[in-house]
Amino acid sequence: MQKNCTRFLLLFLVMGCTVSVKGQLISISGTLKDSLTQAPLVYCSVKATNLRKGAITDSLGHFELMVSPDIDSMRFSMMGYQTITRAITKKTSQEINLSLTPETNTLTEVVVYPKGYDPAVHLFKKILEHKEQNNPAHFNNYQSEVYDKLQFEAGNFSEKAIGSRLLKPFSFVFTHTDPGASPAKPRVPLFITESLADYYYSKKLGKEKTIYKARQVTGIRNETVIQYLDDLKQQINLYDNYLMLMKVSFISPLADNGLSYYKYHIEERKTIGNRKYFRLSFRPLHSSSNTFFGECWVIDRTYALQSISVQMNAGANINWVKDIALSQDFMPLGADSAMAITKTMLSINFITLSKKSLGFTGTRSSYYRNIRINDAVTDSVLLQLAIADQPVITQPGTHFWEQHRFAPLTSREQWAYTMIDSIRKVPAYTTYRNMLTALGTGYYPAGKIDIGNLYKTFTANIIEGPRLNLGFRTNANFSKWYQFRGYAGLGMKYNTFKYALSHLFILNRKNWETVRLSYEDDFTPLSDHLNELNENSIFGALMRRVPRGHIQLVNTEQAKIQYQHFYQNGFSVQLSLDKRVLSPAFNTYYTYGKFTPNIVHLAYPHQGKTYKVSEASVGIRYAYKEKIYAGPFTRLSLGSKYPIVEFKYTHGFQVEGGMLQSDFGYNQYRLSVSQQVNIPSLGKINYTLEGGITDGTLPILLLDVAKGNDTYYYNRYAFNNMNRYEFVSDHYASLLLEHHWGGFPFNRLPLLKKANWRTVTSFRALSGSMTDANKTANKFCDNALTYHFIVPDKIPYMETGVGIENIFRVVRVDAIWRLTYRDRPGIVNFGLKASLQFNF
């Protein structure tokens, strides 16, 4: 207690000294908007009464001014708007948010237009006519220096939350509020980043690259949060017809078909020098469309944008987001009047349970200078891939940024740095940070290791019954270049012990070149992706729809070495060697050569026969312009708008005796193409095309087993009305297709519009064949067997579905119809599937 009081006293003294150094100035900040359109007012004059000192609002309508504490009023004025003078409280920093009313009696000229003529529509069409030449993307190449700031903060705290025991250790944050915030609405900074980089783009080469020179991160580094803030870092061009924000498509006010979605109006004309400017406002025609309110300043004759600011339509169909505000400033380059972006500001307000509950705000400010266009040097730089290996200065400190940042920190940002530093010194900070990490990742940090996965502490399956698991992994405090991880599990039914160990070596972090050694002895997981349901979990057991006797599990004892290398051009290579011993816990009837049928006793299903396999494989993956999140020991794909192609070749060795004893020799080839295709106004389509060939006479465990779903939980990677191990082949082709339609048709139905439900349709198909040798070896023709698989060689297996997603923002329900092979025993021709998903 005494230690905390001492820290609080020191913090109070430091902050008091800081105020004294600033000469007792107070901060007046806020946002100005148009009272009719609620669009931010850009270049609005803000002055303290009877003083020359003033400020101008930025592209988000925000202003900030440091004034004498004796000032008692502020004046807000802008051409075309009524001037407002507002009294302020002396000697107190405060926030003033106002809406200015357009003047109705200041027009000095009357323009008479023909009947049916709309000058705003005419101006908009002129913008479209000149769109190609004014669009910054039309440059043959482009380079600039970029300074980025990204801030993430929490807000909308209730009085009850502020006074709670949970936040009591951080009460000083709420008493020393952000200079730009109201004391009634305190905000807590979580982290702030700064970066300095050179950006290169070439239309001819189809390449772009950001070469970071310096980066600094201050605050709580939460991997889950950083992934979802990726959209704050993207290059945004409002000249595009559609904008992807938080993976949701928005129609740009400058879209070619903008007249179908927006109402335009000329709010103001002004002349500066010999050049005329128009202030063009726009608002959505449909209250529930993914569009914006806002305005832009348009330059006469060239019809280029000088600035634009937009704010998300409140009725847009997007989850977890209360508001999006975006602005851009442009300047001409050279005599050809080409316009380049000089500043971009993007702010996203996130909500949790409701608009009144705890919220978060992510703000990104990007500034560009030393802009060069159509310069041959840019192409030559992009051809030199070695430039990507230049060292990056990390955490360079205050002195570096004071010399190199070309946009000063605002008082809010300075306050954020001070508060984050104070928060990190509170003893409770480490505990809370670890708890948030455990919630997000399943692992609780404990010094140099993390304990977990907490979400898999208790699992269950038909063989082991209830099972207790405990695992660990080393973290960056142990080493940044290699990681140990493992787990152990004890099944209660037969006291079976299962475990896994692995060791990851990072050879090159820039290109993610790694080597992994691993060994495991466990039942093969029935999930291949992180967002799939683990059917061996307790929740998976509760969602199971097939009888216990129809569950097919395989115990795998495997030793593996794997090499992985990602290249700058989108290619990646994976090489692996592994030795496996497979023990199916269900009946199989492979009788080729020395093998006899594996008949499993129901009382001891874990004591069956084994198949020994030694394999070598090479995989090649190509993902053009894929977005990647790279953590300390992980590399996660955030997707690409282009097709992702994967090819894998596996060779099985037949070895007699010894450590590498293997029962089978074979070759296996697999090729897949997957993509998310965004269709403006019609949602998005996710598809996966896959084909494979397995050359060899093998048990069904090593053939191509179609992925079925034995639960009531919807699986986007599986055939949902197909049982596991129901369809097997050695030559196959499959299609998985989903169309997410967005809010249609619910956004057209008055009673359901506010529910924000979304429609999804799906279709899946599988066609395959099997050689006579494999049919004979696996007794395909013996219909008297208790387990009998199907080869989809006569007609394809097909299923289709329709569903509603975004129920309560996280629930999805699908109705699935099986279209073929409907007369089989133990199958479901129609079923309802539910799932949980987190989407914006």
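The values are calculated or read from the model by the stated rules, or taken from the named source; none is laboratory data. Source: prediction; values computed, not measured. Every residue, glycine among them, receives a Cβ derived from its backbone with ideal geometry; neighbour counts consider all protein chains shown.
Take D782 and tell me if it is of a type in the set (D, E) and either in contact with a strand residue (DSSP E or B) (Cβ under 7 Å, 6 or more places away or on another chain) or in contact (Cβ under 8 Å) with a residue 12 or more places away in the chain (or both). The answer is yes for D782. In this structure, is S734 closer than 18 Å to Q837 by Cβ, at pLDDT 95 or above, crowded, with 19+ Cβ neighbours inside 10 Å and polar (S, T, N, Q)? Taking the combined requirement at face value, the residue does not satisfy it.
Considering only residues that are in contact (Cβ under 8 Å) with a residue 40 or more places away in the chain and either in a strand (DSSP E or B) or buried (at least 17 other Cβ atoms within 10 Å of the Cβ) (or both), which ones fall in the stretch 629-638? Within the stretch 629-638, Y629, A630, F633, R635, L636 qualify. Being charged (D, E, K, R) and touching a Lys or Arg at 6+ places or on another chain (Cβ under 9 Å) is the filter here; which residues of the stretch 695-711 pass it? Selection gives D704, K707, D710.
Among strands (runs of 3 or more DSSP E) entirely within the stretch 314-376, having at least 1 residues that are within 19 Å of the chain's Cα centre (by Cα) and at pLDDT below 85 singles out 338-351, 359-373. For the stretch 22-63, taking the residues that are more than 19 Å from T101 (Cα to Cα) and charged (D, E, K, R), the one that is modelled with the lowest pLDDT is identified as K22.
Residues in the stretch 796-819 that are outside any strand (DSSP E or B) and modelled with pLDDT of 95 or more were compared, and the one that is surrounded by the fewest Cβ atoms within 10 Å (Cβ to Cβ) is L819. Within the stretch 133-173, the set of residues being acidic (D, E) and either in a strand (DSSP E or B) or surrounded by 14 or more Cβ atoms within 10 Å (Cβ to Cβ) (or both) comprises E145, D148, E153.
When N774, N747 are checked against the criterion of being touching an Asp or Glu at 6+ places or on another chain (Cβ under 7 Å), in a helix (DSSP H, G or I) and either modelled with pLDDT of 95 or more or buried (at least 20 other Cβ atoms within 10 Å of the Cβ) (or both), N774 stands alone in meeting it.
Against the conditions (1) at pLDDT below 90; (2) within 30 Å of R635 (Cα to Cα), H550 satisfies every one except (2). Looking for something closer than 26 Å to G362 by Cβ and touching a strand residue (DSSP E or B) at 6+ places or on another chain (Cβ under 9 Å) - is there at least one such residue anywhere in the stretch 297-307? Taking every residue of the stretch 297-307 in turn, at least one turns out to be closer than 26 Å to G362 by Cβ and touching a strand residue (DSSP E or B) at 6+ places or on another chain (Cβ under 9 Å).
Of the candidates S158, S144, S164, the single residue that is farther than 30 Å from R369 by Cα and at pLDDT 80 or above is S164.
Surrounded by fewer than 16 Cβ atoms within 10 Å (Cβ to Cβ), at pLDDT 55 or above and either at negative phi or within 37 Å of the chain's Cα centre (by Cα) (or both), is that true of N105?
Criteria not met by N105.
Among residues of the stretch 156-179 that are more than 18 Å from Y432 (Cβ to Cβ), those with a Cβ under 6 angstrom from a residue that is of a type in the set (G, A, S) and at pLDDT 80 or above, sequence gap 6+ or separate chain, pair up as N156/G359; P179/S411. Scoring M722 on the criteria (1) touching a Ser or Thr at 6+ places or on another chain (Cβ under 7 Å); (2) modelled with pLDDT of 90 or more; (3) more than 22 Å from T591 (Cα to Cα) leaves a single failure, condition (1).
Checked against (1) under 23 Å from N709 (Cα atoms); (2) modelled with pLDDT under 90, F840 passes all but a single condition, namely (1). Contact annotation: residue pairs with Cβ atoms under 8 Å, 6 or more positions apart or on different chains, pairing a residue in the stretch 86-99 that is within 20 Å of H176 (Cα to Cα) with a partner that is charged (D, E, K, R), are I88/D72; K90/D70; K90/D72; K91/D70; I96/R86.
Results for (1) modelled with pLDDT under 85; (2) farther than 30 Å from G657 by Cα, shown as yes or no for each residue.
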| site | (1), (2) |
| --- | --- |
| Y590 | no, no |
| V600 | yes, no |
| T610 | no, no |
| R621 | no, yes |
| Y624 | no, yes |
| V645 | no, yes |
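The residue list T394, T398, T418, T430 contains one member that is of a type in the set (S, T, N, Q), in contact with a Lys or Arg (Cβ under 6 Å, 6 or more places away or on another chain), more than 30 Å from K498 (Cα to Cα) and at pLDDT below 90, which is T394. Can you name the residue in the stretch 205-246 that is modelled with pLDDT under 80 and farther than 20 Å from E626 by Cβ and is also surrounded by the fewest Cβ atoms within 10 Å (Cβ to Cβ) among such residues? It comes out as R221. Taking the criterion of being crowded, with 16+ Cβ neighbours inside 10 Å and aromatic (F, W, Y), the residues of the stretch 662-682 that qualify are F664, Y666. Of all positions in the stretch 648-656, at least one carries a residue that is more than 30 Å from H788 (Cβ to Cβ) and either outside any strand (DSSP E or B) or in the same structural domain as L504 (by TED's automatic domain parsing) (or both). In this structure, is V600 among the β-branched types (V, I, T) and part of a loop (DSSP other than H, G, I, E, B)? Criteria met by V600.
Among the residues here, T431 does not qualify as within 27 Å of T175 (Cα to Cα), in contact (Cβ under 8 Å) with a residue 12 or more places away in the chain, of a type in the set (S, T, Y) and in a helix (DSSP H, G or I).
For the stretch 550-591, the set of residues classified as touching a strand residue (DSSP E or B) at 6+ places or on another chain (Cβ under 6 Å), in contact (Cβ under 8 Å) with a residue 40 or more places away in the chain and of a type in the set (G, A, S) consists of A559, G570, S572, S576, listed by residue number. Reported count of residues in the stretch 560-582, each being buried (at least 20 other Cβ atoms within 10 Å of the Cβ) and closer than 22 Å to D663 by Cα, is 3.
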